[in-house]
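> This is the structure I have questions about; it appears just below.
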Amino acid sequence: MDLTTTLTSYYDAVPYHSHPFPQSAPEHLEALAFLFGLDAPAPHNARVLELGCASGGNLIPFAARHPQARVMGVDLSSVQIRQGASAIGHAGLDNADLRAVDLATLDKSFGEFDYIICHGVYSWVPEAVQNAILRICRENLAPDGVAYISYNTYPGWKAREVVRDAMILRGAPRDEPDEKLSYARGMLEFLEQSARPDSVLKKILDENLPMMRTASSAYLLHEFLEPCNSPCYFKDFAGRAGTQGLSYLADAEPSTMFVQNYGDRVRDPLLRECGGSQILMEQYLDFLVNRTFRQTLLVQQERAGDIRYRLDVGRLRSLQFAGAFTPEDGGALTLDAPEQLCNAIRNLKVMLRLPVHKAVAQIFDERYPATIAPEALIAEVSARIGEAPNAVDQPVMAMLEELLILGAVRIRRTPPPVASQVSDQPLALAAVRKTPALGLAGGASAMVCNQWHEPVEVSLLERFLLPLLDGRRSHEQLAQFLVAEAHAKRMRFVKDEKPLTDEAELQAFTLRQVGFALRDLRRKGLLLA
C-alpha cells in the first residue's frame, strides 16, 4: 500500500471533524490583505478553492453566505466528499462543488481562484504533496488573490514530537484506529506514571497531556498517529514558498506579528537585530513563545513590493470594526473618570482610562457582533461625551489601532449582514435554518456557523426557534409556536421546578423566553440585518 492510499484509508476510516475555521474565511483574508497594503477580490462573488476540504464544513458555510461566489473543494477521501455533497444538497446550494481528487494532480487547467485555502493538510502529507500545494497556490491563484496555508511549526513541535513518537511506538502496529489510539493512550499513562519528577520528559508531558485529554479521538489519530506529520520553521516555510514564486503577506492572527505586543525588552533588541525583515522578526518571536502552529497568508511574488507592515490610518478608516467589552467587575461601562478593566474578545484584558475610550467600548459592545465604520464611531462617540468630532477623531483612531494590534477587535472590508439589534420579525440565514444539526436527532448539542464564520453552539430552545426565523414571524407568533409545542407535549416549560399549566402564564412565559433566545441568537451572530 503506497502512502497516498494509506492516508486516504485513515480519513475514510476516521473522518476529520469538518467545521468552520474563522481565520481562513475569505472575508477575513480580504481584510488582512487590505490592512497590509493590498487590495484583494471581493468575497461576495469570489472563486474559492479549498485543498483538503474534508466534508466541506469550512467551505459550505461561505458558499451559503455568498450565493454569487463559486466554491470548489477537493479531498482524497471519497467518504468525506460524499458527506459534503449530501450537506450541499440539503442546504440547496448550487454554487458549491466537492470532488474526490488527489490534489497533487491539479494543474493550471483546473482554473484560477481568488482565494485558495489549505487548512490542516500541509504538515500531514509527504514532501511531494507539500510542493504540489505551493505550486497550486502559484499556478491557480489569481494575480490579486490570497492563499492561506496552516501547518505545524518548530520550535513548539520539538517537544510534541517526543509524545508523538512514543504514541506511534506502541499504537502504530495495531490494525484498527480505535485500537491504535487505545494502545497509544496507554503509552502516555505509562510515561506519566514512570517519568522522573525532574526530567525533561516529565515537563513535556505536563505541558501536553492536559490538551490531549480533552482532544477528540479524530484529532489525536490524525495529529499523533498518522504516518505524516512534518513540522517546520516559519522561515523555512517562507523560503519554500519563495522558490515557488509566492511571498509572505501576513499571519491569519495578525496580533502575533506585532513586536510591541511582547514588551519593550523584546521589541527594542528585535527591531535592531532584524533589520526590517518581517520574516526574521516573526521567526524570533516563534522561538520566544515556543509556537506550535501557524496560519500563513501568501500572495503572488509580484505583489511583494506593495506590502506595508506599518499600519496606515487611511486604510484603517476604510475598514469595519467589531468588538465586545464587558467590565471585569460585572458592572456597567460608565463614561466617568475612573479606570475600568474590561474583558475583550480572545480572552484579552483592556484597561479603559478615558471617557472617549469607554464610549468606544460601549458602542462596540452594544452593536456586537455587528460592525461599525470609524467615521460613524467617531460621530457616535462625539455625541455621547459631548465633544466635537474633530476633538475625538485622533484618540478614537489611536484606540482602534491599539486594539487592532492587540487583537481585541475584528475587521472586515464590508460589514457582515449581522443584526445590531433584534428586529420585530427576525431573520436567520436559510442554510442555518435548514441545517440537520438543529433536529433533536442531531444530539444533545448542536453547532451552526454564524456570519463571522465561527462555529457556535445553540441551545435546545434556539434549535426549536431557528427554523422559524424566516423574517415573516413576529415575536408573538414565535411564542405561540412554543405554546403549541407545549400543548403537544413536545416541549415542557418549568417555573419554580413545576411545569407551567396556566394558559395566561404560559403565554407570558414563552414570550419572555422568545425574547431571551432572540437576544442570544443575535449576540451569537446568527440574526441577519
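The values are calculated or read from the model by the stated rules, or taken from the named source; none is laboratory data. On a predicted model such as this, the values are computed, not experimentally measured, just so you know. Glycine also receives a Cβ, built like all others from the backbone with ideal geometry; neighbour counts cover every protein chain displayed.
> Within the bounds of region 171-182, is there any residue that is touching a residue at least 12 places away in the same chain (Cβ under 8 Å) and within 27 Å of the chain's Cα centre (by Cα)?
No, region 171-182 contains no residue that is touching a residue at least 12 places away in the same chain (Cβ under 8 Å) and within 27 Å of the chain's Cα centre (by Cα).
> Another one. Can you spot a residue in region 223-233 that is surrounded by fewer than 16 Cβ atoms within 10 Å (Cβ to Cβ), free of Cβ contacts under 8 Å to residues at least 24 places away in the same chain and not hydroxyl-bearing (Ser, Thr, Tyr)?
no
> Scanning for something exposed (fewer than 13 other Cβ atoms within 10 Å of the Cβ) and assigned by TED's automatic domain parsing to the domain that holds Gly120, does region 243-266 turn up at least one residue?
Yes, region 243-266 has at least one match.
> Would you be able to tell me the number of residues in region 463-513 that are acidic (Asp, Glu), under 30 Å from His90 (Cβ atoms) and at pLDDT below 95?
Residues in region 463-513 being acidic (Asp, Glu), under 30 Å from His90 (Cβ atoms) and at pLDDT below 95: 1 in total.
> On the given criteria, is Ser55 over 16 Å from Ser24 (Cβ atoms), hydroxyl-bearing (Ser, Thr, Tyr) and either outside the structural domain of Pro43 (by TED's automatic domain parsing) or in contact (Cβ under 8 Å) with a residue 24 or more places away in the chain (or both)?
So Ser55 does not fit the description; no.
> Right, Ala332: touching a residue at least 60 places away in the same chain (Cβ under 8 Å) and at negative phi or not?
Numbers: touching a residue at least 60 places away in the same chain (Cβ under 8 Å): no; at negative phi: yes.
No: the conditions fail for Ala332.
> Of the residues Pro67, Pro41, Pro61, Pro15, which single one is at pLDDT below 95 and of a type outside the set (S, T, N, Q)?
Exactly one of Pro67, Pro41, Pro61, Pro15 is at pLDDT below 95 and of a type outside the set (S, T, N, Q), namely Pro15.
> Which of the numbered conditions does Val360 fail, given that it passes all the others? Conditions: (1) out of contact with any Gly (no Cβ under 8 Å at 6 or more places or on another chain); (2) at pLDDT 95 or above; (3) over 20 Å from Cys342 (Cβ atoms).
Failing condition for Val360: (3).
> State which residue pairs qualify: first residue in the same structural domain as Ser109 (by TED's automatic domain parsing) and under 15 Å from Ile117 (Cβ atoms) and inside region 127-143, second residue at pLDDT 95 or above and of a type in the set (Ser, Thr, Tyr) in any location, beta carbons under 7 Å apart, and separation of 6 or more residues or different chains.
Ile133/Tyr122
> Quickly run through region 355-397 and pick out the residues that are within 15 Å of Pro327 (Cβ to Cβ) and in a loop (DSSP other than H, G, I, E, B).
Tyr368, the sole residue that qualifies.
> Filter region 335-347 down to residues that are in contact with a strand residue (DSSP E or B) (Cβ under 9 Å, 6 or more places away or on another chain) and under 14 Å from Ala324 (Cβ atoms) and give me whichever is surrounded by the most Cβ atoms within 10 Å (Cβ to Cβ). Give the steps one after another, and end with the answer.
Here is the first cut: in region 335-347, the ones in contact with a strand residue (DSSP E or B) (Cβ under 9 Å, 6 or more places away or on another chain) are 339-345.
Retained after the next criterion (residues that are under 14 Å from Ala324 (Cβ atoms)): 342-345.
On the way: Cys342: 22, Asn343: 15, Ala344: 20, Ile345: 18.
This residue is Cys342.
> If only one of Ile411, Ile405, Ile378 is free of Cβ contacts under 8 Å to residues at least 60 places away in the same chain and either surrounded by 14 or more Cβ atoms within 10 Å (Cβ to Cβ) or within 21 Å of Ala252 (Cα to Cα) (or both), which one is it?
Step by step, each of Ile411, Ile405, Ile378 is checked, and only Ile378 is free of Cβ contacts under 8 Å to residues at least 60 places away in the same chain and either surrounded by 14 or more Cβ atoms within 10 Å (Cβ to Cβ) or within 21 Å of Ala252 (Cα to Cα) (or both).
> Within region 137-159, which residues are out of contact with any Phe, Trp or Tyr (no Cβ under 8 Å at 6 or more places or on another chain), more than 17 Å from Phe234 (Cα to Cα) and crowded, with 20+ Cβ neighbours inside 10 Å?
Cys137
> Same structure again: From Asp114, Asp102, grab the single residue that is in contact with a strand residue (DSSP E or B) (Cβ under 9 Å, 6 or more places away or on another chain) and exposed (fewer than 15 other Cβ atoms within 10 Å of the Cβ).
Working: Asp114 fails: exposed (fewer than 15 other Cβ atoms within 10 Å of the Cβ).
Being in contact with a strand residue (DSSP E or B) (Cβ under 9 Å, 6 or more places away or on another chain) and exposed (fewer than 15 other Cβ atoms within 10 Å of the Cβ) holds for just one of Asp114, Asp102, which is Asp102.
> For the list (1) under 25 Å from the mean Cα position of the chain (by Cα); (2) in a strand (DSSP E or B); (3) not acidic (Asp, Glu), I need the number of the one condition that Arg138 fails.
(2)
> Something else now. Test each condition in (1) in contact with a strand residue (DSSP E or B) (Cβ under 6 Å, 6 or more places away or on another chain); (2) under 18 Å from Gln513 (Cα atoms) for Asn450 and report the one that comes out false.
For Asn450, the failing item is (2).
> Sticking with this structure for a sec: So which residues in region 381-402 are touching a residue at least 40 places away in the same chain (Cβ under 8 Å) and under 15 Å from Arg353 (Cα atoms)?
The answer is Ile385, Pro395, Val396, Met399, Leu400.
> Give, as residue ranges, the helices (runs of 4 or more DSSP H) completely inside region 412-529 that count at least 1 residues that are within 27 Å of the chain's Cα centre (by Cα).
Result: 430-434, 460-465, 503-523.
> Within region 84-104, is even one residue under 21 Å from Asn45 (Cα atoms), assigned by TED's automatic domain parsing to the domain that holds Asp144, among the β-branched types (Val, Ile, Thr) and without any contact (Cβ under 8 Å) to a residue 40 or more places away in the chain?
Yes, region 84-104 contains at least one residue that is under 21 Å from Asn45 (Cα atoms), assigned by TED's automatic domain parsing to the domain that holds Asp144, among the β-branched types (Val, Ile, Thr) and without any contact (Cβ under 8 Å) to a residue 40 or more places away in the chain.
> Moving to a separate point now. Evaluate region 276-292: report whether one residue or more is of a type in the set (D, E, K, R) and farther than 30 Å from Met211 by Cα. Quick ask: steps written out before the conclusion?
Going residue by residue through region 276-292, those that are of a type in the set (D, E, K, R) are 282, 286, 291.
Applying the additional criterion that residues be farther than 30 Å from Met211 by Cα yields none.
No.
> Checking the condition closer than 22 Å to Pro426 by Cα and not basic (Lys, Arg), which residue from Asp502, Asp520 passes?
Residue meeting the stated conditions: Asp520.
> Please verify whether region 425-444 includes one or more residues that are buried (at least 20 other Cβ atoms within 10 Å of the Cβ), under 21 Å from Ala87 (Cβ atoms) and small (Gly, Ala, Ser).
Checked region 425-444: at least one residue is buried (at least 20 other Cβ atoms within 10 Å of the Cβ), under 21 Å from Ala87 (Cβ atoms) and small (Gly, Ala, Ser).
> A follow-up question, please. Counting just the residues of region 47-82 that are part of a loop (DSSP other than H, G, I, E, B) and among the polar types (S, T, N, Q), which one comes out nearest to the chain's Cα centre (by Cα)?
Filtering first and then ranking leaves Asn58.
> Which helices (runs of 4 or more DSSP H) sit wholly inside region 146-221 and have at least 2 residues that are in contact with a Pro (Cβ under 9 Å, 6 or more places away or on another chain) and among the charged types (D, E, K, R)? Talk me through it step by step, then tell me what you get.
Working: elements: 156-171, 177-194, 200-214.
Output list reads 156-171.
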